[in-house]
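**Student:** What follows is a structure written as structure tokens; I'll ask about it next.
A short reminder: the numbers here are calculations on the coordinates, not readings from a lab. These numbers come from a predicted model, not from an experiment. Here the Cβ positions follow ideal geometry from the backbone for every residue, glycine too, while neighbour counts run over all protein chains shown.
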């Protein structure tokens, strides 16, 4: 677990301390953010109780009267603190994050209930991100929502939402989906209210390093807020599908390697088995070449590399108007691309699925459930047994019948291939038809052999 955040609503009671310790021992976070501790002081004994066997360093902000108070605990073996900024609304810890082998800022946030005070907090964090321009991980109780759908049973404050969205846009962080629940706070009253007040906001660099990062809400226990956490689960979803990109065909060296894999495949057996083996060998050749040449990089990585080169050039030549304009364009492209990737991640995320009314969240059970569903579907025996003897149907002439039974000619097969959308593949995992069209002269014999009836 990368980090956990929890508005504990007071740490004075023993059951709340136990709840925090159990949460730490179970999920073993690198960083723990606690808001509303309502403590006027912190001692080593309290930190020892909360940290369990996982966390070994802590930093706190005292409460003002009976409200507020922040406490952050972390594993010093995995995060080495170099910078600490304390504020009544946030704890900012900058340092070296061992998993990234780079500098990162962890920021625990507690948003004030008063709008003007919240805006002051936004401005303070914005100025801090400018002063410390490295990747940020912000988590906590922001006391704001982004959309009306994130609040039920309470008034929607449009101005507050606009302010929160503006803050997120200003510091260029991303809000990842919350798995397992829709809201993180409730008032526990008859006239119930719910809201998603707690969340993690991450710099794009963090998501690039941890592309499968998920945000999860834990069950509500001793507080009216749910604890939330971010982690990158080590889950076996099965083999990833092979996706063929059209721009690969522009690389002559890569195409030579791919066709070499096709030609070099020597297997026996049926013609369908031979064609399948040739396709598989081609895919393996492409993967091997991409791995050795490291050209399989995303657009985001290409843009980031361009920014680094531009910054290096500016260090030597100084910032000219042309360089500033180029950098701004690259940043806009990068930010747009990151937004698209994040939207794609949200669309593709399968956090749970329902089978016969039972909601399943375990990826292994999801895989098995999907497999069983389609297995059962394709094994079903058709119930439609319509007799056709008495139906009035058009009949083929003898000439049409003979022509229909003739083997497909090469021209007919090519006409069919050429008419297909080149971006489509033979199945969900394979070479697309643009590859087939481009290399038709090489592979047409194998396709024609496959189309012929196996002996």
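**Student:** Given just the C-alpha atoms of the stretch 3-231, how large is their convex hull per residue in cubic angstrom?
**Tutor:** Values: hull volume 26.9 nm³, N = 229.
Convex hull of Cα atoms, per residue: 117 Å³.
**Student:** So what is the relative contact order of the chain, in percent, for Cα pairs below 8 Å that sit 6 or more residues apart?
**Tutor:** The value is 11 percent.
**Student:** DSSP beta bridges in the stretch 3-231, what fraction antiparallel, as a percent rounded to 5? Don't skip to the end; give the middle numbers.
**Tutor:** Numbers: 46 of 59 bridges.
Bridges in the stretch 3-231 are about 80 percent antiparallel.
**Student:** Order 403-414, 10-21 from most to least packed using the mean count of other Cβ atoms within 10 Å. Let's see the in-between values first.
**Tutor:** Working: 403-414: 10.6, 10-21: 15.8.
Final packing ranking: 10-21, 403-414.
**Student:** So between residue 154 and residue 378, what do we pick up on full extension, going 0.36 nm a residue minus the alpha carbon distance? Don't skip to the end; give the middle numbers.
**Tutor:** Numbers: separation 224, 0.36 × 224 = 80.64 nm, distance 4.87 nm.
Net length gain for the segment: 75.8 nm.
**Student:** Hey, another quick one. With an 8 Å cut-off on Cα pairs and a minimum separation of 6 or more residues, tell me the relative contact order of the stretch 131-248 in percent. Walk me through the intermediate numbers first.
**Tutor:** Details: 173 pairs, mean separation 31.8, N = 118.
Relative contact order of the stretch 131-248: 27 percent.
**Student:** Hey, with R₀ at 60 Å, roughly what FRET efficiency would residue 396 and residue 306 work out to, going by the Cβ-Cβ distance, to 0.05? Mind showing how you got there, number by number?
**Tutor:** Details: r = 62 Å, r/R0 = 1.03.
Efficiency, rounded to the nearest 0.05: 0.45.
**Student:** Let me ask something additional. Gain in length, residue 324 to residue 119, computed as 0.36 nm per residue apart minus the alpha-carbon separation, to one decimal in nm?
**Tutor:** On the way: separation 205, 0.36 × 205 = 73.80 nm, distance 3.00 nm.
Full extension from residue 324 to residue 119 adds 70.8 nm.
**Student:** Distance between Cα centroids, the stretch 131-191 to the stretch 78-98: provide it in whole Å.
**Tutor:** 22
**Student:** Can you give the FRET efficiency for residue 277 and residue 147, using 1/(1 + (r/R0)^6), R0 = 56 Å, r = Cβ-Cβ distance, to the nearest 0.05?
**Tutor:** Numbers: r = 51 Å, r/R0 = 0.92.
Efficiency at R0 = 56 Å is approximately 0.65.
**Student:** Something else: Hey, what angle do you get for helix 440-451 against the long axis of the chain, alpha-carbon based, 0 to 90 degrees rounded to 10?
**Tutor:** 70
**Student:** So for each of 128-135, 200-207 I average, over its residues, the number of other beta carbons within 10 Å; can you give me the resulting order with the highest mean first? Could the numbers behind the result be given before it?
**Tutor:** Details: 128-135: 14.8, 200-207: 21.4.
Taking the mean over residues of other Cβ atoms within 10 Å, the ranking is 200-207, 128-135.
**Student:** Mind giving me the nanometre distance, one decimal, between the label points for residue 251 and residue 409, set 7 Å out from Cα along Cα→Cβ?
**Tutor:** 4.0
**Student:** Report, to the nearest 10°, how far helix 410-419 tilts away from the longest principal axis of the Cα atoms in the chain, using its own Cα long axis and a range of 0 to 90°.
**Tutor:** It is inclined by approximately 30 degrees.
**Student:** Helix-only mean residue ellipticity at 222 nm, the chain, DSSP H runs n ≥ 4 weighted -39,500 (n - 2.57), per residue, nearest 500. What is it? Walk me through the numbers on the way to the answer.
**Tutor:** Details: 14 runs with 193 residues, N = 455.
So the helix-based figure for the chain works out to -13500 deg cm²/dmol.
**Student:** As I understand it, the value is the acute angle between the Cα axis of helix 252-263 and the longest principal axis of the Cα atoms of the chain; what does it come to in degrees, rounded to 10?
**Tutor:** Taking Cα atoms only, the helix is inclined about 50 degrees.
**Student:** I need the Debye-formula profile for the chain: one equal scatterer per C-alpha, no solvent, reported as log10 I(q)/I(0) at q = 0.12, 0.13 1/Å, two decimals.
**Tutor:** -1.12, -1.23
**Student:** If you don't mind, there's one more thing I want to ask. Indicate, rounded to the nearest 5 percent, the antiparallel portion of the DSSP beta bridges found entirely in the chain.
**Tutor:** On the way: 50 of 64 bridges.
If I count the DSSP bridges inside the chain, around 80 percent turn out antiparallel.
**Student:** If R₀ is 25 angstrom, what is the calculated FRET efficiency for the pair residue 371 and residue 270, using the beta carbon separation as r and rounding to 0.05? Walk me through the numbers before you get to the answer.
**Tutor:** On the way: r = 26 Å, r/R0 = 1.05.
Plugging the Cβ-Cβ distance into 1/(1 + (r/R0)^6) gives 0.40.
**Student:** Rank these for me by crowding, 157, 377, going from fewest to most other beta carbons within 10 Å.
**Tutor:** Values: 157 15, 377 8.
Ranking 157, 377 by Cβ neighbours within 10 Å, fewest first, gives 377, 157.
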